[in-house]
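The block underneath contains the structure these notes are about, expressed in structure tokens.
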Amino acid sequence: MAFDGNRAEPCTRRIPLAEIDRGDERFRITTPRSSDELHLSLQRLGLLTAPLVLSRDRGYILVSGFRRVDACRRLGWETVPARVLEAPATMYACALKSVGENSLERPLNLIETSRALRLLDRHAPGGPPPPEDAAALGLPTHAGLATRLKTLCRMPAEVQEAVLDETLSFAMACEIGQLEEGPAVAFARLFRRLKPGLNKQREIVTLVSEIACRDGIDSTAVLSEPEMIRVQDAEELDRSQKTQSIRRLLRRRRFPALTAAEDRFHALRRRLKLGANLQLAPPRDFEGTRYTLTLSFERLEEVERLRAQLDALVRHPDFKALLTGKGRGFAGTTDP
């Protein structure tokens, strides 16, 4: 690991908590935890590992141990044992120690990894940090991946929170992270509420963005439409049903003629009363002209019944209308 020519080891001594600068978090990479009861451990077992600080002209800058120091303050301690780095320790040397004390004792989450990479970039002398330093700290060394990861910690807080609670995947976060803050936050809120899978998230983002572009409005406006809010607030629907309803609403907005044709096709198919053993599927995505007819059976008698049903189906006027009506979106074919 390249320590910028500085391998100074800290000395341990007791320092006043009041002399640790509360407002200087330049070296912090740890994200908040939903249930942080570290103060209870400190109260019972004491401080097992002293925090690492950098001595300055007036007081100290915290390098590692932010949660421990917060817990000590919460307990009302006035002093704390600390490992003190003295000048001429460089900012880059401190950054390396800060990242190392976290990444080498536990796996970093995505936001912490992003912060760690940013921290090294910010303090590396003369350009990007050597890949050997990132490798020694267990950080990604692939340039493309590292570049994408570094964008996470600069995204809006609600997008980062969605990544932390695994509502939003890394790939999807990178995608909505390219949007303005308003739409990015709106998508993050929606996905945290409904928890759809990656493919459904991507579909929703694509549909909303295309509608917004076509209508000359902001994506936030699309997500805030009354019908969208009504579905999200519907107490009778579970998350899966809400997601399905929202996808259906957006498809209607984006492809009104196509969804109308789909509705008319389904109405025709219902009138045919095919039953459970005979399934008729339209051309994929309603493109092309090739339909699929599926028969399912277990016994020979069922095959006989299906053959008779097929004969009746071929003669049914609605079946002919269904096969010939696609070019005009099945318009005029569903009247009784």
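Being open to solvent by less than 80 Å² (accessible area, probe 1.4 Å), farther than 27 Å from Gln160 by Cα and either β-branched (Val, Ile, Thr) or at pLDDT 90 or above (or both) narrows it down to one residue among Ala89, Ala82; which is it? Let's see the steps before the verdict.
Numbers: Ala89 fails: either β-branched (Val, Ile, Thr) or at pLDDT 90 or above (or both).
Answer to the check: Ala82.
Of the residues Ile29, Ile61, only one is out of contact with any strand residue (DSSP E or B) (no Cβ under 8 Å at 6 or more places or on another chain), at pLDDT 80 or above and under 30 Å from Val159 (Cα atoms); which?
Values: Ile61 fails: out of contact with any strand residue (DSSP E or B) (no Cβ under 8 Å at 6 or more places or on another chain).
The unique qualifying residue is Ile29.
Taking the range 58-67 as the search range and keeping residues that are surrounded by fewer than 21 Cβ atoms within 10 Å (Cβ to Cβ) and not aliphatic (A, V, I, L, M), which one is farthest from Ala18 (Cα to Cα)? Outline the logic, then answer.
Here is the first cut: in the range 58-67, the residues surrounded by fewer than 21 Cβ atoms within 10 Å (Cβ to Cβ) are 58-59, 61, 66-67.
Of the ones still in play, those that are also not aliphatic (A, V, I, L, M) are 58-59, 66-67.
Details: Arg58: 11, Gly59: 8, Phe66: 14, Arg67: 16 Å.
Going through the qualifying residues, I end up with Arg67.
Looking only at the range 11-32, count how many residues are under 21 Å from Ala116 (Cα atoms) and in contact (Cβ under 8 Å) with a residue 24 or more places away in the chain. Before the answer, list the steps.
Initially, the range 11-32 is screened for residues under 21 Å from Ala116 (Cα atoms), giving 21-32.
Next, from what is left, pick out any that are in contact (Cβ under 8 Å) with a residue 24 or more places away in the chain: 21, 24-31.
Count: 9.
For the range 119-129, what are the residues that are under 25 Å from the mean Cα position of the chain (by Cα) and either open to solvent by 70 Å² or more (accessible area, probe 1.4 Å) or touching a residue at least 40 places away in the same chain (Cβ under 8 Å) (or both)?
Here is the first cut: in the range 119-129, the ones under 25 Å from the mean Cα position of the chain (by Cα) are 119-121.
Within the range 119-129, just Leu119 meets the criteria.
Return yes or no: is Val303 in contact with a strand residue (DSSP E or B) (Cβ under 9 Å, 6 or more places away or on another chain) and on the phi < 0 side of the Ramachandran plot?
Details: in contact with a strand residue (DSSP E or B) (Cβ under 9 Å, 6 or more places away or on another chain): yes; on the phi < 0 side of the Ramachandran plot: yes.
So Val303 fits the description; yes.
Between a residue in the range 154-180 that is free of Cβ contacts under 8 Å to residues at least 40 places away in the same chain and any residue that is part of a loop (DSSP other than H, G, I, E, B) and open to solvent by 60 Å² or more (accessible area, probe 1.4 Å), which pairs come within a Cβ distance under 6 Å, given they are 6 or more apart or on different chains?
Going by the 6 Å Cβ cut-off, the qualifying pairs are Thr167/Lys195.
Can you name every residue in the range 130-160 that is open to solvent by less than 30 Å² (accessible area, probe 1.4 Å) and more than 21 Å from the chain's Cα centre (by Cα)?
Answer for the range 130-160, where residues must be open to solvent by less than 30 Å² (accessible area, probe 1.4 Å) and more than 21 Å from the chain's Cα centre (by Cα): Asp133, Ala134, Leu137.
Could you say which residue among Leu110, Leu104 is modelled with pLDDT of 90 or more, of a type in the set (A, V, I, L, M) and on the phi < 0 side of the Ramachandran plot?
Leu110
Mind listing just one residue for me: the one in the range 224-272 that is among the aliphatic types (A, V, I, L, M) and under 20 Å from Lys195 (Cβ atoms) and, of those, most open to solvent (accessible area, probe 1.4 Å)? Spell out the reasoning first.
If we filter the range 224-272 for residues that are among the aliphatic types (A, V, I, L, M), which is where we start, we get 228-229, 231, 234, 237, 246, 249-250, 257-258, 260-261, 267-268, 272.
Restricting the remaining residues to those that are under 20 Å from Lys195 (Cβ atoms) gives 228-229, 231, 234, 237, 246, 249-250.
Working: Met228: 5, Ile229: 68, Val231: 5, Ala234: 8, Leu237: 50, Ile246: 0, Leu249: 42, Leu250: 4 Å².
The extreme case among them is Ile229.
Any residue in the range 60-79 that's under 22 Å from Thr31 (Cβ atoms) and touching a residue at least 12 places away in the same chain (Cβ under 8 Å): show its pairings with residues that are among the hydroxyl-bearing types (Ser, Thr, Tyr) and outside any loop (DSSP other than H, G, I, E, B) at Cβ separation under 6 Å, as long as the two are six or more apart or on different chains.
Val63/Ser98; Ser64/Ser98
The values are calculated or read from the model by the stated rules, or taken from the named source; none is laboratory data. If you're wondering where the values come from, they're calculated on a predicted model, not measured in any experiment. Note that each Cβ is placed from the backbone with ideal geometry, even for glycine, and that neighbours are counted across all protein chains shown. We work out accessible area using only protein heavy atoms, side chains counted, and drop any ligands, DNA or RNA first. Shrake-Rupley method; radii C 1.70, N 1.55, O 1.52, S 1.80 Å.
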